[in-house]
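Colleague: Just dropping this structure here.
The values are calculated or read from the model by the stated rules, or taken from the named source; none is laboratory data. Remember, predicted model here, so these are calculated numbers, not experimental data. Please note: Cβ atoms are built from the backbone with ideal geometry, for glycine as well, and neighbour counts cover all protein chains shown.
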């Protein structure tokens, strides 16, 4: 039942994206062929989530203005995308032109370009603090990241990600992993030992930081 409700909401968003001038409830009832009550329920939910917005539209008869609805940028982002396909196409082309070694160097360069902005989120001076804060940064980027206590008390915490945000890409193009390693090394200012990798059959991506 929930999936049907969600699918109908995607239909509403698709119709609103097609109509730049917006659509009324009546127009949506006609196009979706469902009851006015059902359409109103969807609109309340979508507006609450910031996926659509309503605006007053003056009637041609001169009567009271009615409401029309438009999709928001957030709503557009909910519609199907082909980011994975496009990313794979880019990597295929880059690898063909540059070769594996240069593609890996390119991924490191991309990671380094993010470092100045992300470093502003790091507080304190100790590497242990930075590793904890980097785990928080990874969480905000979609990684299921956490820190683990290292086997030896002298060692720095291990950073573990229980998902890979570009798993399919990394399987086909392992050079992508250089992005993660370079980013972590730059943020923590320590060399990284990539102890486990999901793209290579591991249960998680596990990064250990060298103490010096």
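Colleague: I'm told residue 139 meets every condition in (1) surrounded by fewer than 16 Cβ atoms within 10 Å (Cβ to Cβ); (2) touching a residue at least 12 places away in the same chain (Cβ under 8 Å); (3) outside any loop (DSSP other than H, G, I, E, B); (4) in contact with a strand residue (DSSP E or B) (Cβ under 8 Å, 6 or more places away or on another chain) except one. Can you identify the failing condition by its number?
Modeller: (2)
Colleague: Please go through (1) closer than 23 Å to residue 210 by Cα; (2) over 23 Å from the mean Cα position of the chain (by Cα); (3) modelled with pLDDT of 95 or more for residue 102 and return the number of the only condition it doesn't satisfy.
Modeller: Tallying (1) closer than 23 Å to residue 210 by Cα; (2) over 23 Å from the mean Cα position of the chain (by Cα); (3) modelled with pLDDT of 95 or more, residue 102 fails exactly one: (1).
Colleague: Could you check, for the range 185-194, whether at least one of its residues is at pLDDT 95 or above and closer than 23 Å to residue 88 by Cβ?
Modeller: Within the range 185-194, one or more residues are at pLDDT 95 or above and closer than 23 Å to residue 88 by Cβ.
Colleague: Look at residue 41 and say whether it is part of a helix (DSSP H, G or I) and loosely packed, with under 10 Cβ neighbours inside 10 Å. Let's see the steps before the verdict.
Modeller: Working: part of a helix (DSSP H, G or I): yes; loosely packed, with under 10 Cβ neighbours inside 10 Å: no.
No, not satisfied.
Colleague: Among the candidates 114, 122, single out the residue that is assigned to a helix (DSSP H, G or I) and crowded, with 16+ Cβ neighbours inside 10 Å.
Modeller: 114
Colleague: Now for a separate question. If you scan the range 182-212, which residues turn out to be in contact with a strand residue (DSSP E or B) (Cβ under 7 Å, 6 or more places away or on another chain), touching a residue at least 40 places away in the same chain (Cβ under 8 Å) and assigned to a helix (DSSP H, G or I)?
Modeller: Correct list: 184, 188.
Colleague: Please work out which residue is modelled with the lowest pLDDT, limiting yourself to the range 1-26 and to residues that are in a helix (DSSP H, G or I), under 19 Å from residue 53 (Cβ atoms) and over 24 Å from the mean Cα position of the chain (by Cα).
Modeller: Among them, the one singled out is 18.
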